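Okay, so here's the structure we're looking at.
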Amino acid sequence: MTTRQRLDLLARAYPRLFPRAELTRLLRTQLGHVDALDSWIIRDGSRVRARAPRLIYHICAGNLAVSAWTSLMHGLLLGARNVVKLPGDRDDATARNEILSFIRGLPLPLRHLVETHRTLNTEILRRADAVIAFGSDETMASLRAQTRWDQKFIAHGHALSLLWIAEPDRLNPRQARACAMDILTYDQLGCLSPQAIYVLRGSDIEVLGQKLAHALEIHWSKLKPRPARPLSVAARIVETRDVSHALGHRIWLPPGNHLGWTLIHDPAASFQPSPLHGVIHLRQVAESKLSVALASVAGRISTVGLVGEISSRLESVFLSLGVSRFCPAGHMQFPPLTWHHDGRAVLADLVTWTDAENAA
(Lines give C-alpha, C1' and ligand atoms only; values in the text may rest on other atoms or scores of the structure.)
Protein backbone atom coordinates (compact mmCIF):
# COMPACT_ATOMS: atom_id res chain seq x y z
CA MET A 1 0.00 0.00 0.00
CA THR A 2 1.44 3.37 -1.00
CA THR A 3 1.55 6.53 1.09
CA ARG A 4 -1.13 8.12 -1.07
CA GLN A 5 -3.42 5.14 -0.50
CA ARG A 6 -2.90 5.26 3.27
CA LEU A 7 -3.50 9.02 3.23
CA ASP A 8 -6.74 8.50 1.32
CA LEU A 9 -7.97 5.88 3.81
CA LEU A 10 -7.19 8.11 6.81
CA ALA A 11 -8.86 11.14 5.25
CA ARG A 12 -11.97 9.15 4.37
CA ALA A 13 -12.26 7.58 7.81
CA TYR A 14 -11.67 10.77 9.81
CA PRO A 15 -12.15 13.79 7.52
CA ARG A 16 -12.53 16.27 10.40
CA LEU A 17 -9.58 15.00 12.43
CA PHE A 18 -7.30 14.44 9.46
CA PRO A 19 -8.35 16.55 6.46
CA ARG A 20 -6.79 15.40 3.21
CA ALA A 21 -5.20 18.78 2.52
CA GLU A 22 -3.55 18.86 5.96
CA LEU A 23 -2.21 15.31 5.64
CA THR A 24 -0.75 16.23 2.27
CA ARG A 25 0.78 19.39 3.71
CA LEU A 26 2.24 17.40 6.60
CA LEU A 27 4.06 15.03 4.25
CA ARG A 28 5.29 17.82 2.02
CA THR A 29 6.45 19.96 4.95
CA GLN A 30 8.23 17.26 6.93
CA LEU A 31 9.34 14.79 4.24
CA GLY A 32 9.65 17.12 1.27
CA HIS A 33 7.22 15.19 -0.95
CA VAL A 34 4.12 13.04 -0.62
CA ASP A 35 5.92 10.17 -2.36
CA ALA A 36 9.19 10.37 -0.42
CA LEU A 37 8.55 6.95 1.17
CA ASP A 38 7.71 5.24 -2.11
CA SER A 39 10.17 6.58 -4.64
CA TRP A 40 13.31 8.66 -5.05
CA ILE A 41 12.76 12.42 -4.89
CA ILE A 42 15.12 15.22 -5.80
CA ARG A 43 16.29 17.42 -2.95
CA ASP A 44 19.15 19.91 -3.21
CA GLY A 45 20.17 18.35 -6.51
CA SER A 46 20.48 14.79 -5.14
CA ARG A 47 18.15 11.82 -5.08
CA VAL A 48 16.87 10.92 -1.62
CA ARG A 49 14.34 8.47 -0.26
CA ALA A 50 12.72 8.19 3.17
CA ARG A 51 12.53 4.90 5.03
CA ALA A 52 9.83 4.35 7.63
CA PRO A 53 10.30 2.41 10.87
CA ARG A 54 8.98 -1.13 10.69
CA LEU A 55 7.56 -1.14 14.23
CA ILE A 56 6.42 1.81 16.36
CA TYR A 57 5.45 1.37 20.01
CA HIS A 58 2.95 4.00 21.16
CA ILE A 59 2.75 4.33 24.95
CA CYS A 60 -0.37 6.34 25.70
CA ALA A 61 -1.28 8.49 28.69
CA GLY A 62 -4.60 8.25 30.47
CA ASN A 63 -5.64 11.90 30.34
CA LEU A 64 -6.53 12.46 26.66
CA ALA A 65 -7.16 10.21 23.68
CA VAL A 66 -6.44 12.86 21.05
CA SER A 67 -2.66 12.62 21.51
CA ALA A 68 -2.86 8.86 20.87
CA TRP A 69 -4.99 9.41 17.77
CA THR A 70 -2.42 11.80 16.33
CA SER A 71 0.49 9.52 17.20
CA LEU A 72 -1.25 6.60 15.51
CA MET A 73 -1.97 8.76 12.47
CA HIS A 74 1.76 9.38 12.10
CA GLY A 75 2.54 5.68 12.30
CA LEU A 76 -0.22 4.71 9.87
CA LEU A 77 0.73 7.40 7.38
CA LEU A 78 4.25 5.96 7.39
CA GLY A 79 2.93 2.42 6.89
CA ALA A 80 4.56 1.06 10.05
CA ARG A 81 3.24 -1.71 12.25
CA ASN A 82 1.83 0.05 15.30
CA VAL A 83 1.60 -1.45 18.76
CA VAL A 84 -0.40 0.61 21.25
CA LYS A 85 0.04 0.37 25.00
CA LEU A 86 -3.36 1.56 26.23
CA PRO A 87 -3.86 3.59 29.41
CA GLY A 88 -3.88 1.21 32.37
CA ASP A 89 -6.78 0.08 34.52
CA ARG A 90 -5.88 2.63 37.20
CA ASP A 91 -6.50 5.45 34.71
CA ASP A 92 -9.86 6.87 33.76
CA ALA A 93 -11.38 4.45 31.26
CA THR A 94 -12.59 7.30 29.04
CA ALA A 95 -9.33 7.80 27.14
CA ARG A 96 -8.79 4.04 26.74
CA ASN A 97 -12.28 3.56 25.32
CA GLU A 98 -11.88 6.49 22.95
CA ILE A 99 -8.58 5.11 21.63
CA LEU A 100 -10.18 1.70 21.04
CA SER A 101 -13.14 3.34 19.32
CA PHE A 102 -10.77 5.26 17.05
CA ILE A 103 -8.99 2.04 16.06
CA ARG A 104 -12.30 0.28 15.37
CA GLY A 105 -13.22 3.15 13.05
CA LEU A 106 -10.16 2.64 10.85
CA PRO A 107 -10.55 0.96 7.45
CA LEU A 108 -9.53 -2.71 7.55
CA PRO A 109 -6.20 -2.26 5.69
CA LEU A 110 -5.11 0.26 8.33
CA ARG A 111 -6.63 -1.63 11.25
CA HIS A 112 -4.44 -4.60 10.35
CA LEU A 113 -1.42 -2.38 11.09
CA VAL A 114 -2.50 -1.83 14.72
CA GLU A 115 -2.52 -4.04 17.80
CA THR A 116 -3.20 -3.07 21.41
CA HIS A 117 -2.01 -4.12 24.86
CA ARG A 118 -3.21 -3.17 28.35
CA THR A 119 0.23 -3.49 30.00
CA LEU A 120 3.74 -2.47 29.04
CA ASN A 121 5.38 -5.12 26.88
CA THR A 122 9.11 -4.91 27.55
CA GLU A 123 9.96 -7.21 24.63
CA ILE A 124 8.19 -4.90 22.17
CA LEU A 125 9.73 -1.88 23.90
CA ARG A 126 13.21 -3.27 23.24
CA ARG A 127 12.41 -4.50 19.73
CA ALA A 128 10.59 -1.46 18.33
CA ASP A 129 12.38 0.76 15.83
CA ALA A 130 10.70 3.79 17.39
CA VAL A 131 8.97 4.51 20.70
CA ILE A 132 6.52 7.40 21.10
CA ALA A 133 5.56 7.94 24.73
CA PHE A 134 3.22 10.25 26.62
CA GLY A 135 3.17 10.72 30.37
CA SER A 136 4.98 12.13 33.36
CA ASP A 137 8.64 13.05 33.34
CA GLU A 138 9.31 10.11 35.66
CA THR A 139 7.64 7.73 33.20
CA MET A 140 9.70 9.17 30.34
CA ALA A 141 12.95 8.68 32.28
CA SER A 142 12.03 5.10 33.16
CA LEU A 143 11.17 4.23 29.56
CA ARG A 144 14.28 5.93 28.22
CA ALA A 145 16.42 3.80 30.50
CA GLN A 146 14.89 0.67 28.94
CA THR A 147 15.41 1.60 25.28
CA ARG A 148 18.33 0.72 23.02
CA TRP A 149 20.87 3.35 22.03
CA ASP A 150 19.83 3.08 18.37
CA GLN A 151 16.08 3.37 18.91
CA LYS A 152 14.19 6.52 18.04
CA PHE A 153 12.62 7.69 21.30
CA ILE A 154 10.12 10.54 21.12
CA ALA A 155 9.04 11.54 24.61
CA HIS A 156 6.19 13.89 25.46
CA GLY A 157 6.51 14.56 29.18
CA HIS A 158 4.98 17.24 31.37
CA ALA A 159 4.00 20.45 29.59
CA LEU A 160 1.52 23.27 30.10
CA SER A 161 0.12 26.30 28.32
CA LEU A 162 -0.87 29.90 29.09
CA LEU A 163 -3.14 32.67 27.87
CA TRP A 164 -1.83 36.21 27.41
CA ILE A 165 -4.34 39.07 27.08
CA ALA A 166 -2.56 42.09 25.63
CA GLU A 167 -5.26 44.71 26.25
CA PRO A 168 -7.49 43.28 28.99
CA ASP A 169 -9.46 46.51 29.46
CA ARG A 170 -10.63 46.23 25.85
CA LEU A 171 -11.50 42.52 25.89
CA ASN A 172 -14.64 42.00 23.83
CA PRO A 173 -17.21 39.16 24.16
CA ARG A 174 -15.82 37.23 21.17
CA GLN A 175 -12.32 37.26 22.66
CA ALA A 176 -13.63 36.25 26.07
CA ARG A 177 -15.47 33.30 24.51
CA ALA A 178 -12.28 32.26 22.72
CA CYS A 179 -10.47 32.18 26.08
CA ALA A 180 -13.28 30.12 27.61
CA MET A 181 -13.10 27.61 24.78
CA ASP A 182 -9.36 27.16 25.30
CA ILE A 183 -9.83 26.67 29.05
CA LEU A 184 -12.75 24.24 29.03
CA THR A 185 -11.98 22.11 25.97
CA TYR A 186 -10.88 18.60 27.06
CA ASP A 187 -11.62 19.65 30.65
CA GLN A 188 -8.25 21.41 30.75
CA LEU A 189 -6.41 18.07 30.85
CA GLY A 190 -3.99 18.38 27.94
CA CYS A 191 -0.65 20.08 27.46
CA LEU A 192 -2.38 22.67 25.25
CA SER A 193 -4.84 23.62 28.01
CA PRO A 194 -4.06 26.99 29.62
CA GLN A 195 -3.47 26.85 33.36
CA ALA A 196 -3.16 30.61 33.86
CA ILE A 197 -4.15 33.88 32.24
CA TYR A 198 -1.54 36.63 32.35
CA VAL A 199 -2.12 40.35 31.91
CA LEU A 200 0.03 43.40 32.53
CA ARG A 201 -0.13 45.11 35.91
CA GLY A 202 -2.56 48.00 36.12
CA SER A 203 -5.42 46.22 34.38
CA ASP A 204 -8.97 46.45 35.73
CA ILE A 205 -9.16 42.95 37.17
CA GLU A 206 -12.75 43.22 38.40
CA VAL A 207 -14.14 44.10 34.98
CA LEU A 208 -11.92 41.55 33.23
CA GLY A 209 -12.95 38.83 35.66
CA GLN A 210 -16.63 39.52 35.09
CA LYS A 211 -16.20 39.28 31.32
CA LEU A 212 -14.29 36.01 31.53
CA ALA A 213 -16.68 34.51 34.10
CA HIS A 214 -19.65 35.30 31.86
CA ALA A 215 -17.93 33.64 28.88
CA LEU A 216 -16.95 30.58 30.93
CA GLU A 217 -20.52 30.04 32.08
CA ILE A 218 -21.90 30.39 28.55
CA HIS A 219 -19.37 27.87 27.21
CA TRP A 220 -19.95 25.44 30.07
CA SER A 221 -23.72 25.60 29.57
CA LYS A 222 -23.28 24.54 25.93
CA LEU A 223 -20.91 21.63 26.56
CA LYS A 224 -22.38 18.25 25.62
CA PRO A 225 -21.54 15.97 27.23
CA ARG A 226 -20.15 17.83 30.21
CA PRO A 227 -17.12 16.32 31.91
CA ALA A 228 -17.83 14.31 35.05
CA ARG A 229 -16.77 15.49 38.48
CA PRO A 230 -15.97 12.34 40.49
CA LEU A 231 -15.40 12.76 44.21
CA SER A 232 -11.61 13.05 43.93
CA VAL A 233 -11.88 15.83 41.31
CA ALA A 234 -14.66 17.62 43.18
CA ALA A 235 -12.58 17.56 46.36
CA ARG A 236 -9.60 19.21 44.59
CA ILE A 237 -11.80 21.95 43.13
CA VAL A 238 -13.51 22.67 46.44
CA GLU A 239 -10.18 22.70 48.28
CA THR A 240 -8.72 25.18 45.80
CA ARG A 241 -11.75 27.44 46.20
CA ASP A 242 -11.58 27.23 50.01
CA VAL A 243 -7.86 27.99 50.14
CA SER A 244 -8.26 30.93 47.77
CA HIS A 245 -11.10 32.31 49.90
CA ALA A 246 -8.96 31.95 53.01
CA LEU A 247 -6.11 33.83 51.33
CA GLY A 248 -8.45 36.66 50.39
CA HIS A 249 -8.20 36.14 46.64
CA ARG A 250 -10.98 37.41 44.36
CA ILE A 251 -12.93 34.42 43.05
CA TRP A 252 -15.61 34.22 40.38
CA LEU A 253 -17.88 31.18 40.69
CA PRO A 254 -20.67 29.87 38.48
CA PRO A 255 -24.36 30.24 39.35
CA GLY A 256 -25.22 27.82 42.12
CA ASN A 257 -21.49 27.26 42.70
CA HIS A 258 -21.44 24.23 40.38
CA LEU A 259 -18.00 22.75 39.72
CA GLY A 260 -17.76 23.38 35.99
CA TRP A 261 -15.30 26.27 36.19
CA THR A 262 -13.52 28.48 38.72
CA LEU A 263 -11.74 31.78 38.02
CA ILE A 264 -9.31 33.02 40.68
CA HIS A 265 -7.33 36.26 40.75
CA ASP A 266 -4.08 35.47 42.52
CA PRO A 267 -2.09 38.68 43.18
CA ALA A 268 1.17 36.71 43.03
CA ALA A 269 2.67 36.77 39.53
CA SER A 270 4.64 33.54 39.91
CA PHE A 271 3.10 30.57 38.12
CA GLN A 272 1.52 27.86 40.25
CA PRO A 273 -0.05 24.75 38.72
CA SER A 274 -3.81 24.54 38.51
CA PRO A 275 -5.78 21.52 39.74
CA LEU A 276 -7.26 21.61 36.20
CA HIS A 277 -10.91 20.67 35.52
CA GLY A 278 -11.86 24.26 34.74
CA VAL A 279 -9.83 26.00 37.45
CA ILE A 280 -7.92 28.93 35.96
CA HIS A 281 -5.78 31.57 37.70
CA LEU A 282 -5.71 35.19 36.56
CA ARG A 283 -2.35 36.82 37.26
CA GLN A 284 -0.88 40.29 36.72
CA VAL A 285 2.78 40.78 35.92
CA ALA A 286 5.07 43.63 34.96
CA GLU A 287 6.61 43.08 31.55
CA SER A 288 10.10 43.20 33.07
CA LYS A 289 9.17 40.48 35.58
CA LEU A 290 7.61 37.91 33.25
CA SER A 291 10.71 35.74 32.97
CA VAL A 292 10.96 35.58 36.77
CA ALA A 293 7.25 34.77 37.14
CA LEU A 294 7.56 31.86 34.72
CA ALA A 295 11.05 30.67 35.66
CA SER A 296 9.69 27.54 37.39
CA VAL A 297 8.14 26.31 34.12
CA ALA A 298 10.87 27.35 31.68
CA GLY A 299 11.20 24.67 29.02
CA ARG A 300 7.73 23.32 29.85
CA ILE A 301 5.50 25.87 28.12
CA SER A 302 3.92 24.35 25.05
CA THR A 303 1.58 27.05 23.78
CA VAL A 304 0.82 30.68 24.51
CA GLY A 305 -2.65 31.67 23.36
CA LEU A 306 -2.75 35.36 22.46
CA VAL A 307 -5.54 37.89 22.68
CA GLY A 308 -4.18 40.80 20.69
CA GLU A 309 -0.58 41.52 19.81
CA ILE A 310 2.43 41.20 22.09
CA SER A 311 5.50 43.39 22.05
CA SER A 312 8.76 42.14 20.57
CA ARG A 313 10.22 42.29 24.08
CA LEU A 314 7.54 39.97 25.47
CA GLU A 315 7.92 37.65 22.49
CA SER A 316 11.65 37.44 23.18
CA VAL A 317 10.97 36.59 26.82
CA PHE A 318 8.56 33.82 25.87
CA LEU A 319 11.04 32.44 23.33
CA SER A 320 13.79 32.44 25.95
CA LEU A 321 11.48 30.38 28.16
CA GLY A 322 11.25 27.73 25.45
CA VAL A 323 7.71 28.37 24.19
CA SER A 324 7.20 26.20 21.12
CA ARG A 325 3.94 27.66 19.77
CA PHE A 326 2.02 30.94 19.66
CA CYS A 327 -1.55 31.03 18.39
CA PRO A 328 -4.67 33.18 18.62
CA ALA A 329 -6.93 32.50 21.61
CA GLY A 330 -9.62 30.02 20.64
CA HIS A 331 -7.16 27.91 18.64
CA MET A 332 -4.96 26.54 21.42
CA GLN A 333 -6.56 23.10 21.49
CA PHE A 334 -6.72 22.69 17.71
CA PRO A 335 -3.23 22.95 16.22
CA PRO A 336 -2.67 22.14 12.54
CA LEU A 337 -1.28 18.68 11.78
CA THR A 338 1.98 20.36 10.74
CA TRP A 339 2.66 21.88 14.17
CA HIS A 340 5.90 21.03 15.94
CA HIS A 341 4.70 19.11 19.00
CA ASP A 342 7.05 20.03 21.84
CA GLY A 343 9.12 21.80 19.19
CA ARG A 344 9.72 18.62 17.16
CA ALA A 345 8.80 17.60 13.64
CA VAL A 346 7.56 14.19 14.78
CA LEU A 347 6.92 12.66 11.36
CA ALA A 348 10.38 13.69 10.16
CA ASP A 349 11.93 12.40 13.40
CA LEU A 350 10.53 8.93 12.73
CA VAL A 351 12.08 8.32 9.31
CA THR A 352 15.63 7.70 8.14
CA TRP A 353 17.01 8.68 4.77
CA THR A 354 18.95 7.11 1.94
CA ASP A 355 20.96 9.33 -0.41
CA ALA A 356 21.86 8.53 -4.00
CA GLU A 357 24.57 10.90 -5.19
CA ASN A 358 25.00 11.72 -8.83
CA ALA A 359 28.13 10.79 -10.71
CA ALA A 360 30.56 13.63 -11.24
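Observations on the structure shown:
- Cross-link reach is defined here as a Cα-Cα straight distance under 28 Å, omitting same-chain residues fewer than 8 places apart; for residue 224 the lysines meeting it are 211.
- Quotient of the Cα radius of gyration of region 210-301 and 2.2 N^0.38 Å, N being its number of residues: 1.17.
- Neighbour net charge for residue 153 - beta-carbon separation under 15 angstrom, K R +1, D E -1: +2
- Highest-first arrangement of 141-152, 283-294, 70-81, 233-244, where packing means the average Cβ count within 10 Å: 70-81, 283-294, 233-244, 141-152
- Here the extension length gained between residue 4 and residue 144 equals 47.1 nm, from 0.36 nm per residue of separation less the Cα-Cα distance.
- Reach of residue 152 by Cα under 25 Å, taken over lysines that are not fewer than 8 positions away in the same chain: 85
- Packing-based order for 261-267, 121-127, using average beta carbon neighbours within 10 Å, highest first: 261-267, 121-127
- Between helix 3-13 and the chain: long-axis angle, C-alpha atoms, 0 to 90°, nearest 10: 40 degrees
- Solvent-accessible surface of region 196-288, averaged per residue with a 1.4 angstrom probe and all protein chains in place: 48 square angstrom.
- The value for region 156-221 of Rg(Cα) / (2.2 N^0.38 Å) is 1.13.
- Radius of gyration and Dmax over the Cα atoms of region 36-177, both given in Å: 18.9, 57
- Simple Cβ-charge dipole of region 128-268, Lys/Arg +1 and Asp/Glu -1, about Cα centre, in debye nearest 20: 380 debye
- Here's the picture: charge each Lys and Arg Cβ at +1 and each Asp and Glu Cβ at -1 in region 160-201, and of 161, 186, 172 the one pushed furthest to the positive end of that dipole is 172.
- Environment charge of residue 103, counting only residues whose C-beta is closer than 12 Å and scoring Lys/Arg +1, Asp/Glu -1: +1
- The order of the peptides 207-220, 30-43 by mean Cβ neighbours within 10 Å, most packed first, is 207-220, 30-43.
- Crossing angle, helix 137-146 versus the chain [Cα axis fit, 0-90 degrees, rounded to tens]: 20 degrees
- For the chain, taking the reciprocal of the average inverse distance between every pair of different Cα atoms yields a Kirkwood hydrodynamic radius of 22.1 Å.
- DSSP beta bridges in the chain [antiparallel fraction, %, rounded to 5]: 25 percent
- Rounded tilt (10° steps) of 20-31 against the dominant C-alpha axis of the chain: 70 degrees
- Kirkwood-based Rg to Rh ratio, region 1-111, C-alpha trace: 1.02
- Dipole magnitude (debye, nearest 20) for the chain, charges at Cβ of Lys, Arg, Asp, Glu: 860 debye
The values are calculated or read from the model by the stated rules, or taken from the named source; none is laboratory data. Remember, it's a predicted structure, so these values are computed and weren't measured experimentally. Every residue, glycine among them, receives a Cβ derived from its backbone with ideal geometry; neighbour counts consider all protein chains shown. Surface accessibility is based on the protein's heavy atoms, side chains included, excluding ligands, DNA and RNA. Shrake-Rupley method; radii C 1.70, N 1.55, O 1.52, S 1.80 Å.
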